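As structure tokens, the structure follows; a few thoughts come after it.
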Amino acid sequence: MATPVCIATWPFGRLAAMTASKLLLAGKPALEAALAGAQAVEDDPSVNSVGYGGLPDRDGVVSLDACVMDGRTLSFGAVAALERIGNPAAVAKLVMEKTPHVCLAGRGALEFAITNGFKTRNLLTPKSLEEWEKSKPKPPQPMPGHDTVTVLCLDSKGDLGGVCSTSGLAHKLPGRVGDSPIVGAGLYVDNQGGCAGATGVGEEIWRILGSHKVVEMMRAGKSPQEACEQAVRLMHQVAGRRGVHVSSAAFLALDPQGRHGAAAVPGTNFEFAVGRPGSLQMLKGVEVGG
Ligand code: SD4
């Protein structure tokens, strides 16, 4: 028997970790708990970067990215650029369970969701529309402190599961896909190494396949904290090769023993929630400079 743990990104990670922890304590599998945690955030209209109420792209359209991964079997499913469906992570789980594929995008993902009983809705809220109008001239960027929800869980059987869900960078080009639905980039989960997730500028996270890197470093013996810090250093180095600076990115990780870690690019101001039996803490990711 393992002691269940759930970690989740950003201040809204508290809601995700609370929701997931209840299920973990009731003996539910890690992936089911992580999905419920992510979904609680997707359904919250006050969160303007995930699910319903997410920030729209350049043309004012909300398009969502998500993936799920099961650490026991390494099964995963993803959806990218999914419009009009507020729970992309649940659709990603069905892609994993019901299709021979691992990722559906755009129109095909929408059709698959509708065929499987998901209801379409307008994902724009008056608040997300207003914020989009206010910030219009800016280039695509993460909204500070309000970003992707990544939920990583260890269940009482010792299995790991993870879910990642986002509306991506605000004002992104239509059709842009970030790191979040890309297994290895925004999320990676393997019972034998650990699990890791990311938030921030997806192009930089994807370039180094950040979440997979973190898991491989844990597999090789690094602690989750060391592995996250090393991934941030690598991201700085790689960005430096192109003469650019990473404005915002963070990794968080959980190993098979239930130890957690998190690290971020300075200025990200990354917070995450850690739920263990009887406790829910909000912690800051360690900032690692280039
Ligand atoms: C993306 N990584 O689409 C996501 C957005 C995010 O903090 O996490 N922002 O690039």
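The values are calculated or read from the model by the stated rules, or taken from the named source; none is laboratory data. This structure is a prediction, so every number in the text was calculated from the model and none was measured. Neighbour counts run over all protein chains shown; Cβ positions are idealised from the backbone, glycine included. With ligands, DNA and RNA removed, areas are computed over all heavy atoms of the protein, side chains included. Shrake-Rupley method; radii C 1.70, N 1.55, O 1.52, S 1.80 Å.
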Exercise for review: Quick one: residue 252 ticks every box in (1) aliphatic (A, V, I, L, M); (2) under 28 Å from residue 27 (Cβ atoms); (3) touching a helix residue (DSSP H, G or I) at 6+ places or on another chain (Cβ under 6 Å) except a single one, so which number is it?
Suggested key: (3)
Study note, to complete from the structure: Within the stretch 267-282, the count of residues that are open to solvent by less than 60 Å² (accessible area, probe 1.4 Å) and either within 16 Å of the chain's Cα centre (by Cα) or not aliphatic (A, V, I, L, M) (or both) comes to 8
Point to revise | Set 115, 166, 150: member being more than 16 Å from the ligand (Cβ to nearest atom) and hydroxyl-bearing (Ser, Thr, Tyr) | key: 115
Point to revise | Any pair with Cβ under 8 angstrom, 6 or more apart, that starts in the stretch 21-33 at a residue that is more than 21 Å from residue 281 (Cβ to Cβ) and ends at one that is crowded, with 19+ Cβ neighbours inside 10 Å and among the basic types (Lys, Arg) | key: 31/93
Review point. Only one of these conditions is not met by residue 269: (1) assigned to a helix (DSSP H, G or I); (2) over 15 Å from residue 162 (Cα atoms). Which number is it?
Key: (1)
Review point. If you take just the helices (runs of 4 or more DSSP H) that sit entirely in the stretch 1-117, which of them hold at least 2 residues that are within 27 Å of residue 157 (Cβ to Cβ) and modelled with pLDDT of 95 or more?
Key: 13-25, 30-42, 88-98
Point to revise | Residues located in the stretch 207-255, provided they are surrounded by 19 or more Cβ atoms within 10 Å (Cβ to Cβ), basic (Lys, Arg) and touching a residue at least 12 places away in the same chain (Cβ under 8 Å) | key: 213
Review point. How about the stretch 170-196: which of its residues are closer than 17 Å to residue 232 by Cα, in contact (Cβ under 8 Å) with a residue 60 or more places away in the chain and either of a type in the set (S, T, N, Q) or near the ligand (Cβ under 9 Å from one of its atoms) (or both)?
Key: 180, 186
Exercise for review: Grab the strands (runs of 3 or more DSSP E) fully contained in the stretch 178-259, keeping just those with 1 or more residues being closer than 18 Å to residue 272 by Cα and not hydrophobic (A, V, I, L, M, F, W, C).
Suggested key: 187-190, 194-200
Practice item. Answer with yes or no whether residue 187 is over 19 Å from residue 213 (Cα atoms) and of a type in the set (A, V, I, L, M, F, W, C). Key: no
Check your understanding: Among the residues of the stretch 3-16, how many are more than 16 Å from the ligand (Cβ to nearest atom), over 14 Å from residue 253 (Cα atoms) and open to solvent by less than 30 Å² (accessible area, probe 1.4 Å)?
Key -> 1
